[in-house]
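Chemist: Below are the structure tokens for one structure; questions will follow.
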Amino acid sequence: MRFARILLALLAVWVIVLAQAEPREVARLLEPPLHSPDAVTLELRRYLMARAPALPEAGARWLESAPQLRHRILREVIFHGWPREWIESPARFEDLGLLPGGNGYRMRKLRYEIVPGFASTAILYEPMELRGRLPAVLNVNGHVGPPGKAVEYKQKRCIHLARHGVLALNLEWIGMGELSHKENAHWFGAHLDLVGANAAGLFYLAMRRGLDYLWDHPHVDRARIAMTGLSGGGWQTIVLSALDERVRLAVPVAGYASVVSRIERPADIGDIEQNATDLLNLADYPVLTALRAPRPTLLIYNAEDDCCFRAPLVKPYIFDAVRPFFQQAGAASAFAWHENTDPSTHNYQLDNRRQFYRFLNRHFGLGVPDHEAGVDREIRSFEELAVGLPPDNLTILGLARRMAEKIERLRRPADEARALLARLLRYRKTALRHAWAVSNTKNKGIETHGYRFEFDSGLSATGLWIKAITAPEDAPATMVLNDEGKRASAAAVADRVNRGERVLAVDLLFFGDAAPEKPAAFAWTQLVATMGERPLGLQVAQLLALAEWLQPGGALRLEVRGIRSQVIGLAAAALEPQRFREVHVREGAASLRHLLDAPVEYRAAPELFCLDLYREFDLDQLAALGPGAR
């Protein structure tokens, strides 16, 4: 009998040893993909297309609602979170003197305040003789890099206009030219969102200051102010001219597209300011274009644009669809289209400039000639046009950090805080439509099942369920998230399996197997946010649905590694603490302030740059709402 007991004990030890999960073996089990990047991209396209806002009908109702819509876009989107005193402050320009001009014009160096501590520069091109009230053009530039306002085609346009009696204001753009600081990369606009100020507001104020300057200029005819620019300058042109009726004539060049175009061709998505959080709740770019009616508007696009916004592909959405709004306003001739085929690429070269001059002549009664005689010889170097900035001039990131320092969070009861968090994340419960079993293994004492989890939203996550064969079906459960994807979670998974638990290693949307590749997640998260949802909210909803699937009606353990997984896990546990018995964080951060201080770039953790997140919550507050974290 004693021998039999010893034999049984040895057999039990032998079974346990066989069932031990080795991290190297678990890593092999976690490696095979359970979903493809192309399929994820297709799901995202379908998800977004189903939510793409429709263009309203032209008619009396539109005419009545347009002024209110402008006001709402500015109040609820552009200026969300910005101090009122900054929004309403007058333009503050310093005149730093004249530059030697050329034939028939002169140049004036200007420096101006965008917001306190953050200055930009400009050059005003003036006719040599300033008499009476003259037409004026606000010239903005796009992503031209180091040349900034000195880019040749912009200089040529400004010189030619000034020679022929038009005041031309040439603005620098954030991130370009004299503002080419690494912390002025446009993606740092996400850090403004994080601290509670919509990134689009900074870009809007930067260009509106230029309009304010022209409006107050003693020699500007306020009835003849125009605006134009290429690419990002085209985006600035449609946004400012749609929302500020002081811009009487607008010619955006290859600067924007409808959200449908951006979903169809991700190269058209653009930068974060072009996908302002919540903008599409109120207005897609065709709506902004319609808000121009009846003011003269010429849309210029390039037939074979090597950047974005190819003319034949965007025209149906932003010109053909919008034409009825101008017709209904009795201004059909004020809305025009030009498709450039010389050189046909991304440009504001001579053909496009001629189209601008002709349109300006037609609607402002001018005589600016097509031929830019001698302007090539008048081009100045970057150094000659440099105005100079204060040595301590703020940057986008620096401004976000300064705003973060002034945050004062309210202490709220738990239920009130959870309700606020749910609103902030745009959180809605999602149901697991089907767990597609796509793989399995069963050997060496370990069994696995690989799943693609399809939710009622049409979006997916993936996961590998794993346990020792000898572990009971109702064994305690742990869910594992890892910033590097489930493939990187072998050590954590092996540890919990060896404790006799059931483990689900998950890739939520935008992680691992559930992430698109071309383009990567950061492009799609912008579209999610501009449509009024939050990528973080989608991920939290997926996590909570999977928690119910893994441990119906009970509480499970959640283990996360990395700041992305940390925030998702803490937010989910804060919203529904009964789902979790513990949230265990590895390699997380002590505060969301880490995103600003490191700094963490938007594309590295796009869901974390959730509008207002850091203004209302830090990680310790999220943890306090959950079952506890260590």
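Chemist: Are any residues in the range 129-144 at pLDDT 95 or above and open to solvent by 20 Å² or more (accessible area, probe 1.4 Å), and if so, which ones?
Modeler: GLY132, ARG133, LEU134, HIS143, VAL144, listed by residue number.
Chemist: Still on this structure, I have one more. Has the range 404-415 got at least one residue that is under 30 Å from the mean Cα position of the chain (by Cα), touching a residue at least 12 places away in the same chain (Cβ under 8 Å) and in a helix (DSSP H, G or I)?
Modeler: yes
Chemist: Of the conditions (1) under 22 Å from GLY81 (Cα atoms); (2) assigned to a helix (DSSP H, G or I), LEU211 clears all except one; give me its number.
Modeler: Result: LEU211 fails condition (1) only.
Chemist: Go through the range 458-484 residue by residue and tally those that are under 20 Å from PHE511 (Cβ atoms) and surrounded by fewer than 20 Cβ atoms within 10 Å (Cβ to Cβ). Break it down into steps so the answer makes sense when it comes.
Modeler: Start the filter on the range 458-484 by keeping residues that are under 20 Å from PHE511 (Cβ atoms), which leaves 458-466, 477-484.
Of the ones still in play, those that are also surrounded by fewer than 20 Cβ atoms within 10 Å (Cβ to Cβ) are 458, 484.
The qualifying residues number 2.
Chemist: Related question: When both residues are 6+ apart or on different chains and their Cβ atoms are under 6 Å apart, which pairs have a first residue that lies in the range 419-448 and is hydrophobic (A, V, I, L, M, F, W, C), and a second that is modelled with pLDDT under 95?
Modeler: That search, which allows pairs on different chains as well, returns ILE446/ALA21.
Chemist: Hey, another quick one. Take the conditions in a helix (DSSP H, G or I) and open to solvent by 10 Å² or more (accessible area, probe 1.4 Å) and apply them to TYR204. Does it pass?
Modeler: Details: in a helix (DSSP H, G or I): yes; open to solvent by 10 Å² or more (accessible area, probe 1.4 Å): no.
The answer is no for TYR204.
Chemist: Among the residues of the range 441-449, is there at least one that is assigned to a strand (DSSP E or B), more than 28 Å from the chain's Cα centre (by Cα) and aliphatic (A, V, I, L, M)?
Modeler: Filtering the range 441-449 down to residues assigned to a strand (DSSP E or B) leaves 441-443, 446-449.
Keeping just the survivors that are more than 28 Å from the chain's Cα centre (by Cα) gives 441-443, 446-449.
Of the ones still in play, those that are also aliphatic (A, V, I, L, M) are 446.
Yes, the range 441-449 has at least one match.
Chemist: Which pairs do you get when a residue that is touching a residue at least 24 places away in the same chain (Cβ under 8 Å), found in the range 158-180, comes within reach of a residue that is among the basic types (Lys, Arg), reach meaning Cβ atoms under 6 angstrom, with the pair 6+ apart or on two chains?
Modeler: From the range 158-180, the pairs are ASN170/LYS149; GLU172/LYS149; GLY177/LYS149.
Chemist: Checking LEU69 against (1) of a type outside the set (Ser, Thr, Tyr); (2) at pLDDT below 95; (3) surrounded by 14 or more Cβ atoms within 10 Å (Cβ to Cβ), which test does it fail?
Modeler: (2)
Chemist: If a residue must be under 27 Å from the mean Cα position of the chain (by Cα), open to solvent by less than 40 Å² (accessible area, probe 1.4 Å) and free of Cβ contacts under 8 Å to residues at least 40 places away in the same chain, how many such residues does the range 312-353 contain?
Modeler: Residues meeting the conditions: 1.
Chemist: Can I ask one more? Could you list, in sequence order, the residues of the range 328-374 that are among the hydroxyl-bearing types (Ser, Thr, Tyr) and closer than 18 Å to ILE159 by Cβ?
Modeler: Taking the range 328-374 as the starting set, the residues that turn out to be among the hydroxyl-bearing types (Ser, Thr, Tyr) are 333, 341, 344-345, 348, 357.
Selection gives TYR348, TYR357.
Chemist: Could I ask something else about it? Within the range 88-102, can one find any residue that is in contact with a strand residue (DSSP E or B) (Cβ under 9 Å, 6 or more places away or on another chain), at pLDDT below 95, open to solvent by 20 Å² or more (accessible area, probe 1.4 Å) and closer than 25 Å to GLY233 by Cβ?
Modeler: Yes.
Chemist: If you scan the range 470-493, which residues turn out to be part of a loop (DSSP other than H, G, I, E, B) and closer than 21 Å to GLY553 by Cβ? Steps first, please.
Modeler: Initial filter on the range 470-493 (part of a loop (DSSP other than H, G, I, E, B)): 470-476, 483-485, 489.
Hits for the range 470-493 are ALA471, PRO472, GLU473, ASP474, ALA475, PRO476.
Chemist: Assess whether LEU550 counts as being touching an Asp or Glu at 6+ places or on another chain (Cβ under 9 Å), under 20 Å from ARG433 (Cα atoms), of a type outside the set (Phe, Trp, Tyr) and in contact (Cβ under 8 Å) with a residue 12 or more places away in the chain. Working first, answer last.
Modeler: Details: touching an Asp or Glu at 6+ places or on another chain (Cβ under 9 Å): no; under 20 Å from ARG433 (Cα atoms): yes; of a type outside the set (Phe, Trp, Tyr): yes; in contact (Cβ under 8 Å) with a residue 12 or more places away in the chain: yes.
For LEU550, the condition - touching an Asp or Glu at 6+ places or on another chain (Cβ under 9 Å), under 20 Å from ARG433 (Cα atoms), of a type outside the set (Phe, Trp, Tyr) and in contact (Cβ under 8 Å) with a residue 12 or more places away in the chain - is not met.
Chemist: A follow-up question, please. Tally the residues that are surrounded by fewer than 22 Cβ atoms within 10 Å (Cβ to Cβ) and over 29 Å from GLU129 (Cα atoms), restricting the search to the range 165-183. If you could, list the steps in order and put the result at the bottom.
Modeler: Step one: list which residues in the range 165-183 are surrounded by fewer than 22 Cβ atoms within 10 Å (Cβ to Cβ), which gives 165, 180-183.
Right, trim to over 29 Å from GLU129 (Cα atoms) and you get 180-183.
Residues flagged as surrounded by fewer than 22 Cβ atoms within 10 Å (Cβ to Cβ) and over 29 Å from GLU129 (Cα atoms) within the range 165-183 amount to 4.
Chemist: For a quick check of your reading: which helices (runs of 4 or more DSSP H) sit entirely within the range 219-309 and have at least 1 residues that are farther than 21 Å from ARG45 by Cβ?
Modeler: On the way: elements: 232-243, 259-264, 279-282, 285-290.
By residue number, 232-243, 279-282, 285-290.
Chemist: Can you tell which of LEU596, LEU570 is under 30 Å from ILE407 (Cα atoms) and buried (at least 24 other Cβ atoms within 10 Å of the Cβ)? Steps first, answer last, please.
Modeler: On the way: LEU596 fails: buried (at least 24 other Cβ atoms within 10 Å of the Cβ).
Only one candidate passes the filter, namely LEU570.
Chemist: Can you tell me how many residues within the range 184-201 are closer than 22 Å to GLU607 by Cβ and in a helix (DSSP H, G or I)?
Modeler: Restricting attention to the range 184-201, the residues satisfying the condition of being closer than 22 Å to GLU607 by Cβ are 185-201.
Next, only the ones that are in a helix (DSSP H, G or I) stay: 186-194, 199-201.
Looking only at that region, the number is 12.
The values are calculated or read from the model by the stated rules, or taken from the named source; none is laboratory data. The shown structure was predicted, so the numbers you read here are calculated from the model rather than taken from an experiment. Cβ coordinates were reconstructed from backbone atoms using ideal geometry, including for glycine residues, and neighbour counts include every protein chain displayed. Only protein heavy atoms, including side chains, enter the accessible area calculation; ligands, DNA and RNA are left aside. Shrake-Rupley method; radii C 1.70, N 1.55, O 1.52, S 1.80 Å.
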